[in-house]
Amino acid sequence: MVSLDSPITIIRPEIIEFGVGTAERLGKWASDKGYARILVISDAFNATRVDTLGLKGEITVFADVTPEPDTANLDKVLAAANAADAQLVVGFGGGSAMDLAKLAAVLAGSSQTLREVVGPNKVHGPRRVALAQVPTTAGTGSEAGIRALVTNPETMAKLAVESIHMLADIAVIDPALTFTVPARTTAATGVDAMAHCVEAFTNRKAHPMIDLYAIEGTRLVGKYLARAVKDGADAEARAGLALASLYGGFCLGPVNTAGGHALAYPLGTRWHIAHGAANALIFPHVLAFNTPSATEKTRAVMDALGRKTSDDVQSVFDAAYNFCADLGIEMKLSALGVPDSDLDAMADDAFAIRRLLDNNPRDLARADIRSIYEAAY
Ligand SMILES: NC(=O)c1ccc[n+]([C@@H]2O[C@H](COP(=O)([O-])OP(=O)(O)OC[C@H]3O[C@@H](n4cnc5c(N)ncnc54)[C@H](O)[C@@H]3O)[C@@H](O)[C@H]2O)c1
Ligand SMILES: [Fe+2]
C-alpha cells in the first residue's frame, strides 16, 4: 500500500456542474464559448430529449450508441463525427455514450486509428474539438475521467484507451436525468459506482487522497441505492447516487479498479451481461477473497454500506451478497445464460487483465478465478 507522501496525479474536468436542473447550463456554456456546430453522441433513449441540454446552433444527434459498445459501434460514431465536423462533441447517456464521445473527440479527423491509441498516453494531441459530458446513469463516473472502453468482438476483450486528451472541458451532472432509469439498471449501475469506490479503497495503489472519495462514495450507495431502486423519482436518493458515481470516477483515474472488475469483464464481453450487473455478481466473491489481505478496509466498506460484519470471510461474503441480492440483482451466473463449459475460457480472459489484477490486494491465481466463477455459478 502507498502512504500519505506517495506521489499522485489528480486530473479532473475544469468545470463540473452538479445538481438537479443543471442540464440546460450546458447550452449556456456552449453559446458563451461560441460553439455553433455540435455533435451529440447518445443512445436511443437519451437522443429523444437532447432539447433538455439547451444547445443552440447546428446540432447533429447520433442516436445509436449500444450498451457495452464494440468497435463496429465506434466506427459508426466516427463516420458521423467526420461528417458533422463539429466544434463541440457532447456525450449524453451512460458510460457507453460518454466513452464513445471521448474517442470521437480525439479520433475523428485524426490520422490515428483505435488500434494505435489503445493503452495509456498514445493519443497525439492537442484535441481539435471541445468535449462535454452529461451522464444519465449513476454510474460509471466516466464524465470525470480520461479512459474509454470498447469491446473488440474478435477477441471479446475490452480495449482501454487512456489519454489526457479525452478529458472533458465540462461535465454537467444533473441527477434529474437519471429519474427515468429503470429499477434494474439503477441497481446495476449503482453497484458499479460502489465497485469503483471499493476496489480503489482496497487497492494495492490506494492513496489517502482518494480514500476520502472512495469511502464516501460507498456510504452514499449504502444510504441511497435501495431508495432509488424503490422510487426512481426520489430526488435526494438520485442526487446521492450521482455524487457517488462522480466520486467513483475520481477513484478510477489515479487508482483504478482491481480484481472485481477484472473478473466481471468476461461476463460482459463474452455474454453481454450489463457492466453493473456483472460487477454485482462478482462483488461479494472478490471482497470476501480479499478480506485476509485488507481486513480493516473491508470492515470500513461494510460499515459504510450499513451492513455490520465480523472479519470472518463467510460473514463478509454473506453481507455483501445480501446487499446486492436485496436490490433485486441476479446473483447466480447460471441464471444469466452462461454455460458452465465457458468458465475455463472466462478464467483465461480474466487472468489476462493484468492492468487490473496487479492492483488487487491479494494475488488472484487463475485457479482462484476459476473457483470464484464456479462458486458464483
Ligand atoms: N470510462 C470509464 O471510466 C468507465 C467506467 C465504468 C464503465 N465504463 C463503461 O461504461 C459502459 C456502461 O455504461 P452504463 O452502465 O452507464 O450503461 P449504458 O450507457 O450502456 O446504458 C445502459 C442502458 O440504459 C439506458 N439509459 C441510459 N440512461 C438512461 C436514462 N436516464 N433513462 C432510461 N434509460 C437510460 C441506455 O439506453 C442503455 O440501454 C460499459 O461499456 C463500461 O465498460 C466506463
Ligand atoms: Fe465499472
Do you know which residues across segment 259-275 are surrounded by fewer than 24 Cβ atoms within 10 Å (Cβ to Cβ) and small (Gly, Ala, Ser)?
268, 274
Given (1) of a type outside the set (Asp, Glu); (2) touching an Asp or Glu at 6+ places or on another chain (Cβ under 8 Å); (3) in a helix (DSSP H, G or I), identify the lone condition not met by residue 243.
(2)
Which pairs have Cβ atoms under 9 Å, sit 6 or more apart or on different chains, and link a residue in segment 57-69 that is within 16 Å of ligand 1 (Cβ to nearest atom) to one that is among the small types (Gly, Ala, Ser) and in a loop (DSSP other than H, G, I, E, B)?
65/94; 67/94; 67/274; 68/274
I need the full set of residues from segment 37-49 which are surrounded by 19 or more Cβ atoms within 10 Å (Cβ to Cβ) and either away from ligand 1 (no atom under 14 Å from the Cβ) or without any contact (Cβ under 8 Å) to a residue 60 or more places away in the chain (or both), in order please.
38, 39, 40, 42, 43
The lone exception for residue 206 - which of (1) in a helix (DSSP H, G or I); (2) in contact with a helix residue (DSSP H, G or I) (Cβ under 7 Å, 6 or more places away or on another chain) it fails:
(1)
Condition check for residue 76: in contact (Cβ under 8 Å) with a residue 12 or more places away in the chain, out of contact with any strand residue (DSSP E or B) (no Cβ under 9 Å at 6 or more places or on another chain) and open to solvent by 30 Å² or more (accessible area, probe 1.4 Å)
no
Can residue 278 be described as more than 22 Å from the chain's Cα centre (by Cα), crowded, with 21+ Cβ neighbours inside 10 Å and either among the hydrophobic types (A, V, I, L, M, F, W, C) or at pLDDT below 95 (or both)?
no
Selection status of residue 160, within 16 Å of ligand 2 (Cβ to nearest atom), open to solvent by 10 Å² or more (accessible area, probe 1.4 Å), of a type in the set (A, V, I, L, M, F, W, C) and touching a residue at least 24 places away in the same chain (Cβ under 8 Å):
yes
Out of 177, 212, which single residue is over 22 Å from residue 303 (Cα atoms), part of a helix (DSSP H, G or I) and not polar (S, T, N, Q)?
177
Failed item, numbered, when residue 5 is tested on (1) open to solvent by less than 30 Å² (accessible area, probe 1.4 Å); (2) modelled with pLDDT under 95:
(1)
Let me spell it out: the conditions are (1) in a helix (DSSP H, G or I); (2) open to solvent by 40 Å² or more (accessible area, probe 1.4 Å); (3) without any contact (Cβ under 8 Å) to a residue 60 or more places away in the chain, and residue 52 meets all of them except one. Which number is the exception?
(3)
With the condition kept exactly as written, say whether any residue in segment 18-26 is touching a Gly at 6+ places or on another chain (Cβ under 7 Å) and either at pLDDT below 95 or surrounded by 13 or more Cβ atoms within 10 Å (Cβ to Cβ) (or both).
yes
Within segment 234-257, can one find any residue that is free of Cβ contacts under 8 Å to residues at least 12 places away in the same chain, within 16 Å of ligand 1 (Cβ to nearest atom) and out of contact with any strand residue (DSSP E or B) (no Cβ under 7 Å at 6 or more places or on another chain)?
yes
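The values are calculated or read from the model by the stated rules, or taken from the named source; none is laboratory data. Predicted, not measured: the structure shown is a model, and the values here were computed from it. Note that we place each Cβ from the backbone using ideal geometry, even for glycine, and neighbour counts take in every protein chain shown. Just so you know, the surface numbers come from the protein's heavy atoms only, side chains and all, with ligands and any DNA or RNA stripped out. Shrake-Rupley method; radii C 1.70, N 1.55, O 1.52, S 1.80 Å.
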